[in-house]
Amino acid sequence: MKLESITKTFPGVLALDRVNFDLKEGEAHILIGENGAGKSTLIKIISGAYKKDAGTIIIDGNELEIHNPRHAQELGIATVYQEFNLIPYQSVAENIFLGRQPLKKGPLRRIDKPRMNREARELLNSLEIDIDPKIIVRKLGIAQKQMVEIAKAFSVQSKICIFDEPTAALTPNEIQELFKLIQRLKSEGVGVIYISHRLEEVFTIGNRITVLRNGQYVDTKNADEVSTADLVEMMVGRKIEETRLDTGRKIGPEILRVEELTGEKFHDVNLNVREGEIVGLAGLVGSGRTEVLRTIFGADRAKGGSVFLKGEGIRIKEPKHALARKIALLPEDRKVDGLVMCRPVDENIILSSLDSVSTAGILKKGKILKRVLNFIKKLDIKTPGHKQLVVYLSGGNQQKVIIARWLCAECDVLLFDEPTRGIDVGAKQEVHNLMKNLARQGAAILVVSSEIPELMKICDRTYVMHEGSISGEFDAEGLTSDMILNAAFGRTKKEAV
Amino acid sequence: MNNHEKKNISQAIGNFFLTIFKEQTILIVFGFIIIGMGISSPVFLTRRNLLNIFLQSSMIGITASGMTFVILMAEIDLSVGSVAAFAGVLAAKLQVMHGWTTMPAIALTIVVCFGIGIVMGIVVAKLGVHSFVVTLGMLTIARGFALIISEGHPISGLTDSFKYLGQGKIGIFPFPAVLFLIIVIICWFFLSQTKFGRGIYSIGGNKEASRLSGIPVDLYKIIVFGVCSAMAGLSGTILAGRVNSGQPIAGESHNLDAIASVIIGGTSLFGGRGGVGKTLIGTLILGILRNGLNLIGVTPYWQRVFIGTLIIVTVVIDRVQHRKEA
């Protein structure tokens, strides 16, 4: 397949400017770039979701137009989207064959369930995916849903498979599974287009790498010719400092202590965070990390155990109790649990501090405006104005809006759940710097992340969880990713050797 | 003034008109309808007719103001028509059968209605039953009680002060219309100037995010259902005052008219966007359409078709304009 001079404009934005891209049989071609660089737009043009304004698409030597997603499928282009398009209350098999279910003969054209389940099982087996086709999709984990999505993409014969940030929500071993699958696809001659924010992966599976920046084609390189630093420079257009910045951070007395905390998905968790300290919480997805944060914050109920703030035992049943104690949670999914997308930036920032900017329930608009503008400036939130709806901001800026909300509420115990998921390299760096600045100003930060390099870069200390309990605690000094991984898989050092 | 400032100002003016066009489509529609009706019918733009429209719209408008709170929170209240009928009957019975004076009778009625709303709110917020179901149930329950209290017959014989509620005038303005405007202003104040209002918008926009931001979601929901029912109760008593009796079968079309007013005004059924000012416009559009179509001789049967179409078209326009936000 070959794309030449693809151009696409949205009202007021040139999303793609004469972009070239080509894909050979059996290769994995990685597409990288910051958010807004045009990766998703390009993918959507290939998969038929958008129409290009100009340029040519050539598949197997024939120049053609892709009219709609269905047409793309018929051409053998399969897409695994970042956000799943699965129907939660139907079975895996029903999802795989959605709209193309095998039918029984006869006037009613009823769905042939046994045949559908059998074919789904064959398909899953051929892809070496171990999932029961009769199970309801809602009951699957994120990684399994993704596998179903891939199986769905391959239920039609495909020559090209597009992955849009497939590993964003996966744990390291799930990623390994996925990579194995991609290798298999490659060996069968399928061309793979792979979008990612994680540069480490790029070298693991990629043959070639194309970089986009601001809708423009930057360059295509062979994976063995470039380094991470080169790629970052190409993506951002400038060099980014990738060192640990720990200058002048003082770690003070203990602020938060959790003892024997037990909830639905974890038990007897002990941990503490000190003033000015960034503490990581690593582990596989499903190991209970998120639930620990949510329970400390009062979003979920604790079944047992106690939480101490500055040595004093506190009871938190509701998020508002936590906020009253200046404890804040940056949720894992900012769109679902964090932001009121249809409301403007200012309302989102001030949401948790309404008490302090109102008398007898009546808002003081002037005071609100002053505070909001102050935080927009302080956190460098890029928005056309404080009245812009949050839905129109980029992921990194949305994340900053939530952080601004907590800072505005003067929170100093900050629980961050995947703070940099789905945001681009530049914004990631900004969020990291922001976290370090907050710690420098005396905040106590507990951060959950699936990206081990991120934890190693910013944390002073890291706890690791395995199946609902703490399986390791490491200082930043001498920490390696193997140590975290082993603890996350529940292996002791001896077993690992 | 330097160039930069000039540019900013012209940009601001441009933005202003753009926002008007995008956000206030309904105002433009409103303007066109008035002009169109004015041209088509000589009677339409007379003071008498306009005041009449206002009067006829005010009862639905008061209910719709309460409904705005509910819809902004992405909930729905289908029971308002029945609650209004119940309120009319209850207030009339207290006065006619038990000799209560007007003020206490109405005050108690509104308190009872508020209580009905609170009960629905508790079931919705605390037990997690969808408001569609809860209020659909209450639609029947309240109607049942209206029939029980009145034994199926209208209760007439209201005092003059009760009638004033529906028929009185302040200067040239009908009392219900004045009350409607006052209520709109109060609702506007609560929605845009208070913590409570901010809470309602954010709950409607994202309930879970609001909870995690410390907004008392359940409490606000319960209060909002109470307020909506209380408003329905108030409009029911006004209606009773207007027709000189408490009618157990009154307000059959009240539910849909109130919801339609909110939606035509441009408040999103998905919650989080809209306001009571929009509802005021929506109510008047509905009133003007009915009145104007009457004046130019369109039968009530066709009127229904027009109004139904209008509801769908407004929502379609809203969906197109705000595709990304919902």
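The values are calculated or read from the model by the stated rules, or taken from the named source; none is laboratory data. Please read all numbers here as calculations on a predicted model, not as lab measurements. Cβ sites come from the backbone with ideal geometry, for glycine too, and all protein chains shown count toward neighbours.
Does B:Ser213 satisfy the criteria of being surrounded by 20 or more Cβ atoms within 10 Å (Cβ to Cβ), farther than 24 Å from B:Leu136 by Cβ, within 14 Å of chain A (Cβ to nearest Cβ) and in contact with a helix residue (DSSP H, G or I) (Cβ under 8 Å, 6 or more places away or on another chain)? Talk me through it step by step, then tell me what you get.
Values: surrounded by 20 or more Cβ atoms within 10 Å (Cβ to Cβ): yes; farther than 24 Å from B:Leu136 by Cβ: yes; within 14 Å of chain A (Cβ to nearest Cβ): yes; in contact with a helix residue (DSSP H, G or I) (Cβ under 8 Å, 6 or more places away or on another chain): yes.
Yes, satisfied.
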Taking the residues in the range A:337-388 that are more than 8 Å from chain B (Cβ to nearest Cβ) and assigned to a strand (DSSP E or B) as candidates, determine which candidate is surrounded by the most Cβ atoms within 10 Å (Cβ to Cβ). A:Pro344
Just one of the numbered conditions (1) more than 24 Å from the chain's Cα centre (by Cα); (2) within 14 Å of chain B (Cβ to nearest Cβ) is not true of A:Arg294; which one? (1)
Would you say A:Asn68 is out of contact with any Asp or Glu (no Cβ under 8 Å at 6 or more places or on another chain) and modelled with pLDDT of 85 or more? no
Only one of A:Ile66, A:Ile87, A:Ile57 is surrounded by 15 or more Cβ atoms within 10 Å (Cβ to Cβ) and assigned to a loop (DSSP other than H, G, I, E, B). Can you tell me which? A:Ile66
Looking at A:Leu415 and the list (1) closer than 30 Å to A:Glu254 by Cα; (2) within 10 Å of chain B (Cβ to nearest Cβ), which single condition is not satisfied? (2)
Restricted to the range A:300-332 and to residues being part of a loop (DSSP other than H, G, I, E, B) and touching a residue at least 60 places away in the same chain (Cβ under 8 Å), the residue nearest to the other protein chains (Cβ to nearest Cβ) is A:Pro331
In the range B:248-273, what count of residues is obtained for those that are under 13 Å from the mean Cα position of the chain (by Cα) and within 14 Å of another protein chain (Cβ to nearest Cβ)? 2
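Of the residues B:Met120, B:Met103, which single one is out of contact with any His (no Cβ under 7 Å at 6 or more places or on another chain) and at pLDDT below 95? Can you show your working first?
On the way: B:Met120 fails: at pLDDT below 95.
Just a single option satisfies the conditions, and that option is B:Met103.
Filter the range B:161-210 for residues that are assigned to a helix (DSSP H, G or I), of a type in the set (S, T, N, Q) and closer than 21 Å to A:Ser358 by Cα; which is farthest from the other protein chains (Cβ to nearest Cβ)?
Here is the first cut: in the range B:161-210, the residues assigned to a helix (DSSP H, G or I) are B:161-167, B:175-193, B:195-205, B:207-210.
Next, from what is left, pick out any that are of a type in the set (S, T, N, Q): B:161, B:167, B:192-193, B:202, B:210.
Restricting the remaining residues to those that are closer than 21 Å to A:Ser358 by Cα gives B:192-193, B:202, B:210.
Values: B:Ser192: 8, B:Gln193: 6, B:Ser202: 5, B:Ser210: 7 Å.
This residue is B:Ser192.
Return yes or no: is A:Gln101 closer than 30 Å to A:Ala487 by Cβ and either in contact with a Gly (Cβ under 6 Å, 6 or more places away or on another chain) or without any contact (Cβ under 8 Å) to a residue 24 or more places away in the chain (or both)?
Values: closer than 30 Å to A:Ala487 by Cβ: no; either in contact with a Gly (Cβ under 6 Å, 6 or more places away or on another chain) or without any contact (Cβ under 8 Å) to a residue 24 or more places away in the chain (or both): yes.
Criteria not met by A:Gln101.
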So A:His432 clears everything in (1) within 18 Å of the chain's Cα centre (by Cα); (2) outside any loop (DSSP other than H, G, I, E, B); (3) within 28 Å of A:Leu369 (Cα to Cα); (4) in contact (Cβ under 8 Å) with a residue 60 or more places away in the chain except one condition, right? Which one? (4)
What tally of residues in the range A:78-114 results from selecting those that are of a type in the set (Phe, Trp, Tyr) and more than 30 Å from A:Leu23 (Cβ to Cβ)? 1
Selected residue (criterion: nearest to A:Leu438 (Cα to Cα)) from residues of the range A:391-401 that are part of a helix (DSSP H, G or I) and more than 9 Å from chain B (Cβ to nearest Cβ): A:Lys400
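How many of the residues in the range A:136-157 are of a type outside the set (A, V, I, L, M, F, W, C) and in a loop (DSSP other than H, G, I, E, B)? Can you show your working first?
Within the range A:136-157, the subset of a type outside the set (A, V, I, L, M, F, W, C) is A:138-139, A:141, A:144-146, A:149, A:152, A:155, A:157.
Applying the additional criterion that residues be in a loop (DSSP other than H, G, I, E, B) yields A:141, A:155, A:157.
Count: 3.
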